[in-house]
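See structure below.
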Amino acid sequence: MLVRMLSQDPTHLVGDKGRVYFAGWSPGNDPSFKMPTYDNLLSQYDADKDGTLSKEEMGKSFFVGLFDNNDTNHDGLMSRDEWDANVRLMK
């Protein structure tokens, strides 16, 4: 999945001589940082109140640029399972 994510935005991917360099972000060791829960996202962005988050609904969120990479079944919706998998990667 990481390679697929990197290939979506080639401005962050530079390679030479078999090496890959990546400029990214991580919460690191900041104990005050917490990813929002899926319920938090639903309350903020689920405009049609269907219990899922579409790419359009997430278009105003911090997550818009990463939506396609984390919509793992490519149905155009961010499910709770897909969001929870993303949160696990951030830990």
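The values are calculated or read from the model by the stated rules, or taken from the named source; none is laboratory data. Small disclaimer: the values here were computed from a predicted structure and weren't measured. Here Cβ is always computed from backbone atoms with ideal geometry, including for glycine, and neighbour counts include all displayed protein chains.
Scanning segment 35-69 for residues that are of a type in the set (Ser, Thr, Tyr), at pLDDT 90 or above and touching a strand residue (DSSP E or B) at 6+ places or on another chain (Cβ under 9 Å) returns TYR38, TYR45, THR52, SER54. Among the conditions (1) part of a loop (DSSP other than H, G, I, E, B); (2) modelled with pLDDT of 90 or more, PRO27 misses just one, which is (2).
Taking the criterion of being in contact (Cβ under 8 Å) with a residue 12 or more places away in the chain, surrounded by fewer than 17 Cβ atoms within 10 Å (Cβ to Cβ), at negative phi and part of a loop (DSSP other than H, G, I, E, B), the residues of segment 57-78 that qualify are SER61, THR72.
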